[in-house]
1. Measure out, as a whole number of angstrom, how far apart the alpha-carbon centroids of region 153-168 and region 289-330 sit.
2. So what is the relative contact order of region 214-318, in percent, for Cα pairs below 8 Å that sit 6 or more residues apart?
3. Report the Rg/Rh value for region 98-155, based on alpha-carbon coordinates and the Kirkwood definition of Rh.
4. Cα centroid distance between region 98-115 and region 215-281, in Å?
5. Taking the Cβ of residue 140 as the center, what net charge do the other residues with Cβ under 13 Å away carry, scoring Lys and Arg +1 and Asp and Glu -1?
6. What base-10 log of the normalised intensity I(q)/I(0) is obtained for region 124-260 from the Debye formula, alpha carbons as equal point scatterers, at q = 0.11, 0.12, 0.17 Å⁻¹?
7. About the Cα centre of region 240-336, how large is the charge dipole given +1 on each Lys and Arg Cβ and -1 on each Asp and Glu Cβ? Please answer in debye to the nearest 20.
8. Over region 217-353, what per residue volume does the convex hull of the Cα atoms give, in whole Å³?
Amino acid sequence: MTRIALLGATGSIGRQAIEIVAAHPGLELVAAASGSTGIEGLAPLTQTGGDLTELLEAAQPDVVLNAVVGFAGVGATLWALEHGVTLALANKESLVAAGDLALAARERGGGLLLPVDSEHSALFQCLEGRRDVELDSIVLTASGGPFRGRSRDELAEVTVGEALAHPTWTMGRKITIDSATLANKGLELIEAHVLFGLPYDRIDVVVHPTSVVHALVRFRDGAAIAHLGLPDMRVPISFALTYPERAATPVPRLDLAAGLTLEFEAPDLDAFPLLALARAAGEEGGTKPCAYNAANEVAVTAFLDGRLPFLGIAETVERVLRDADGSPARDLDDLREADAEARRLAEGALAAA
Ligand SMILES: NC(=O)c1ccc[n+]([C@@H]2O[C@H](COP(=O)([O-])OP(=O)(O)OC[C@H]3O[C@@H](n4cnc5c(N)ncnc54)[C@H](OP(=O)(O)O)[C@@H]3O)[C@@H](O)[C@H]2O)c1
């Protein structure tokens, strides 16, 4: 039996994870957490709000599936890595904000870090059994979101409802807005850098509207290995929870004869500046990625609340990145301070706008 602690159990990833666990006789939910929705009875140990590491200490799971949204997932990510407990990671924000601390904790803990983000799960699978020296570069695909093809001017008036209408994935509200601005791909770019240790100039992003190719790896001999599948998060969730078994799922097979078209195009960095801002923040390092994430969280909440126009999200993040100190965090307290400072700067930018 693999004993799983599921954090973010009421969310889009959390609900799909419950389905995967229920269908697999070798998986057992021993603990579950949510932010504010009651979940009593879902698992032997449950918690709503509060410090997630207290639940993890009490549960002592074999696997932590971190499907919390936002910086709130940082403590649990670091706990799992520090304790050598397998971490199935959907909460990309924690790896973006705490990349250096997470790598140091993984080094000390010695456990597995299995990405659940579909692109990174795909990369992990394409890279299995390969040595770093064989690798040329990696490519993340982006659906382009609901506003693909629009110019910057055409994005000025878009509504929350339009931004939440994602063409290929059904997800939580925050990541859906991040997909519309391409901040999601920016976060994933930094996540890929942390996970796979490649410099930013060897990580590319291409837009691929149908989301069938999740990522690809280019090797030094000229070959490229891509990972294909229908856009369905149950596949990477199941892969991480049953690794290295690759258990069966009810997800439909890919039907290549049904007129599958694979189109790719370069992202429009003018209309979607949050992708280039993430690359710059990642290259600067220190706590700049933490500031990028914090400012984006504040700006997305303001957009969803009707307090900020769509283009204001990138403007807020750009301003915070300019003003944030960015010096490296020595520990979680330092990181929390950098996160709080970036949030203060973002709120200040919103008040001044
Ligand atoms: N959805 C996808 O397809 C997808 C794909 C790839 C990666 N991801 C990543 O997976 C994570 C979750 O995404 P999602 O779409 O599942 O989000 P979601 O539907 O908004 O769910 C978020 C979950 O986090 C919980 N939560 C929020 N704040 C919390 C806190 N302070 N402490 C404990 N739990 C808290 C929520 O609980 P309440 O319900 O009580 O608020 C909910 O269970 C994000 O990092 C996202 O980027 C998602």
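All of the numbers you see were taken from the coordinates with simple rules; none came from a lab. Quantities reported herein were computed from a predicted structural model and do not represent experimental measurements. Cβ coordinates were reconstructed from backbone atoms using ideal geometry, including for glycine residues, and neighbour counts include every protein chain displayed.
1. Computed from Cα coordinates, the inter-centre distance equals 19 Å.
2. 14 percent
3. That ratio equals 1.14.
4. Going from one Cα centre to the other spans 23 Å.
5. Computed value for this residue: 0.
6. Log10 I(q)/I(0), no solvent term: -0.48, -0.57, -1.09.
7. 220 debye
8. About 218 Å³ per residue, rounded to a whole number.
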